[in-house]
Every structure is written in structure tokens, then in C-alpha cells.
1. Could you check how many residues of the stretch A:51-97 are closer than 24 Å to A:ASN114 by Cα, in contact with a Pro (Cβ under 7 Å, 6 or more places away or on another chain) and of a type in the set (A, V, I, L, M, F, W, C)?
2. Kindly indicate the residue of the stretch A:171-189 that is within 16 Å of the chain's Cα centre (by Cα) and away from every other protein chain (no Cβ under 12 Å) and also surrounded by the most Cβ atoms within 10 Å (Cβ to Cβ) among those meeting that condition.
3. From B:ARG150, B:ARG208, B:ARG195, B:ARG131, grab the single residue that is under 16 Å from the mean Cα position of the chain (by Cα) and either more than 12 Å from chain A (Cβ to nearest Cβ) or modelled with pLDDT under 95 (or both).
4. Which residues, taken from the stretch A:176-195, are part of a strand (DSSP E or B) and of a type outside the set (Phe, Trp, Tyr)?
5. Specify which of the listed residues (A:ASN165, A:ASN143) is buried (at least 21 other Cβ atoms within 10 Å of the Cβ) and of a type in the set (S, T, N, Q).
6. Checking the condition outside the structural domain of A:MET75 (by TED's automatic domain parsing), modelled with pLDDT of 95 or more and within 28 Å of A:ALA34 (Cβ to Cβ), which residue from A:THR175, A:THR170 passes?
7. Where residues in the stretch B:108-122 are over 17 Å from B:ALA194 (Cα atoms) and surrounded by 13 or more Cβ atoms within 10 Å (Cβ to Cβ), which of them is farthest from the chain's Cα centre (by Cα)?
8. Go through (1) farther than 27 Å from A:ILE16 by Cα; (2) assigned to a strand (DSSP E or B); (3) out of contact with any Cys (no Cβ under 8 Å at 6 or more places or on another chain); (4) in the same structural domain as B:MET102 (by TED's automatic domain parsing) and name the single condition B:LEU213 misses.
There are 2 protein chains.
Amino acid sequence: MEQQIQDIKNLSSGHICMGGSHYLNAYILPEILAQFSKKNSGIELELVEHSAATLSAMLSAHELDLTFSCNEEFMEDFEKYPAFTDYILLAVQEDQEINKAMEKFALTPEDISNGRHLLETCPSVSLEQFREMEYILLSEGNNLHERSMRMFHEAGYEPDVIMENAQLVTAYHLTEHFPAATFVSDRLVRNSQARLKYYKLNYECAEREFYILLPKQNYIPVAVKAFIDYFRENI
Amino acid sequence: MEQQIQDIKNLSSGHICMGGSHYLNAYILPEILAQFSKKNSGIELELVEHSAATLSAMLSAHELDLTFSCNEEFMEDFEKYPAFTDYILLAVQEDQEINKAMEKFALTPEDISNGRHLLETCPSVSLEQFREMEYILLSEGNNLHERSMRMFHEAGYEPDVIMENAQLVTAYHLTEHFPAATFVSDRLVRNSQARLKYYKLNYECAEREFYILLPKQNYIPVAVKAFIDYFRENI
């Protein structure tokens, strides 16, 4: 009750500590945080950045007010609110021979900005067609690692992994320079000038549903509730 | 001795675990790691990404073979090799009024790619001229936090900080959307299309000397030694 009275004042004085990967913090959140902050200038925002595995542990320990996840198993222990969807694409360094054979399937950043990859008529690829590639993948503990492995399993082979990394955006930058392929989010690719070709993937798990996750608690602070509502209306 | 005999074979079979911030891993290392990996295809590279504070602790605990730092105090406990220099610029969101008054000082990403900011003739700014701005800064434990504070101290005021973050690149992306200023590296800005104006800073500490740091040890593994030599010749 005291907490609740306190909170009535809190839209002019609250604090939200949220955690995300670099992808979340640098590509999904900046615009919406800036808009939210303009409307709620009394609410202090704190942004923590770690690997998915560390963020999970921090949320369990109540060291964060909220985080974002698309890992369904992980969500069971938390309160969840649907947040946004993204689509995983295969990205191949543009110098690679395979891009010639697959030319008809390749998408440009413009195509992706325009949502061409979301149309049913847009042709998609199977990883079987990229069996000879080397891969840069996310490391275990990141949900995209498990999704990638599920796709390779369906395609019937073990990928040749030359490097693993904990951040999607780092894997993306590395792949510009290595003779390799990786998995990226469509929301990262928009307006990119990276030296990569992009392919729509023919797998259900390439679509990711992100949720805002909160620790299980009896009472959600007013500032956190206001942020969740704002995020869901404006993303 | 056994370790050394083992190592003679190791250029065809070594492993290097290196740690960096997102800035290092995504903007400084990809090209040089790709070239090194091409020449030394037997050496496995592992790339770990954390805040500067966490990386320091990991190096002390010998959980990394090497990391990068420009924090002179921190270096005393480690073996160090000069690696590269960068220059901190002030970045201001392009919609901000102050950019009009400071128009003559503003640099474009092209100017920075061409090294114009390195010329003595390039005019620089003092933070006094940006006293009314709000700032997004790196959090404590990151050397750039201390450097920023030294500059504000010289300019004679406490900055109005609206958000702190542990990663330079995240602060950079946030500042595209917030009505704010931040500090960025010249090596990040090259070829950027971010909605920001850049200013050369009139402070000695805006120049950062990065070193490769190794745990103190009697013997440096051959693969690590080969990487250090390659990095220093090719950066």
C-alpha cells in the first residue's frame, strides 16, 4: 500500500532499470526510449547490456525491472507481455561464390526495409543450399544459437562453425570480413551498408516473438507499467 | 619446456580467447581477425564481449588470453603492447539548436574518414560551449567515463547526465534519438550515416592509446605472440 501511494507520484519520479543485448539496446530501444522519456521526463531510465545468459540471471535475482526475450522455455518463470516480432535472415559475405548461384533469392537492405521478405510470394532458401559455407554463430545460452541448430538439424547437417560470439550485432560485423555466413535480424539490416547478401529462411523458427519479461511479483511499479503500455502501443 | 614444444606445433593448432567491448569486437577487430585467420587457419579464435570492468576482472583471473585497454592505471598489473590510437569526438544529435551556432566547427563522417580532425589546422571546441546540453555518458568503470569527467572538470561544470551505459556504441545509437550529446571514437564514425554532428575536442585526454594486455606470466603462448605481432604490423 505504501509502495502504491509512493508510485502515484512515481510517474514524475520513477526509475526503470532495463536490460538488453546490444541488438536490443542499440537497434530496438533508442527511438522508443527517447519518445517515452520526452513524455515522462521524471522517469529515470537505466540501460544495462549483457549476453542473454547474464540478463536471465539478473532478472531472476531481481537486479533488473525488466528485460526482453524470445526464449519460450525461459519465460515460464516470469511475467510476460508481447513486445515485437522479428525475422531471422541468413547473411552471407558478398564476395562468396555461392551468392552467384543464389542470386535470384538474394534480398537487398532496401527489400528488407520495404518488408519484401514478409510477403508469401518472396522466395526463401533452405540451409541445405549453404552446406559448404563456414558459419559465425551465437554461442550457447543465446536463443538464436538453439534456433540456428534447429535449422541445421532440419537441413540434415552439422555446420562448420569458425567462430562463436555472444552478441548478434558482433557476429554480423565479423561476417562482413570473414568468408562466412551468419544469422541476423531483419530489424538490424534496414538501412545497412554492410558487405552482405541476405536470404529469407524457409523455417518456422526464423520468426521470433519477443516478450517483455518481469520478475514475478505482486505489484508492478507504476513507471514500469507505463513503459510496457507505451512500448506495446508505439513499437 | 613441454609447453614450448607443444607450442611449436601450435601455429597450426592454437587457440586464443580474447575479450573486448562491443566497440573493439565489432569495429576494430573484424577485419584484422579475418586476415589473421586466413594466414593462420589452424588457430581457433574465441571472442568474448563484456563491459570494460568485467573484462578487467576476467583478465586478472586468467579467463582471457588477452584484452585491450586504454586505462593506464589498470595496465600496471599486466604485460602490455602498444596497439592503436583513437580520438574521442563530441557527437551531438543533428536536430539540436546548438549545431547552428557551432556550424563552423562541425565535422562530417567524410571529414573524419579523411583524417581532417587530426590536422592541427582543424578547429576544436571546448565543452564550455556545450554547457546547456544533456549528455549520455558511459558508466563508471569505463575509462571513457573518467576521461569525460576530466574534460567537464576542465570546462568548469557538472554535466546534466540523462542516461549512462556500459558500451560506447550503445551510447552512440541512443544519442541519435535523444536530444543529447555523447562522446564517440573517430574509428566508429567513419562511414557512419548516424543523425549526428561531430566536433573535435580541445583536450589532451581525447587522444587514447590502446594497448593489448596479457596476464603476467613467464611464457607467452606462440599463437598469442603471433597475433600480437600481426596486429601491430597490420592495424
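1. 0
2. Within the stretch A:171-189, the subset within 16 Å of the chain's Cα centre (by Cα) is A:171-173, A:182-189.
Applying the additional criterion that residues be away from every other protein chain (no Cβ under 12 Å) yields A:183-187, A:189.
On the way: A:PHE183: 24, A:VAL184: 26, A:SER185: 21, A:ASP186: 23, A:ARG187: 15, A:VAL189: 24.
Only one residue tops the list, namely A:VAL184.
3. B:ARG208
4. Passing the criteria: A:ALA181, A:THR182, A:VAL184, A:SER185.
5. A:ASN165
6. Checking each option against the conditions leaves just A:THR170.
7. Step by step, filter the stretch B:108-122, then rank; the result is B:CYS122.
8. (4)
The values are calculated or read from the model by the stated rules, or taken from the named source; none is laboratory data. All values reported here derive from a predicted model rather than from experimental measurement. Neighbour counts run over all protein chains shown; Cβ positions are idealised from the backbone, glycine included.
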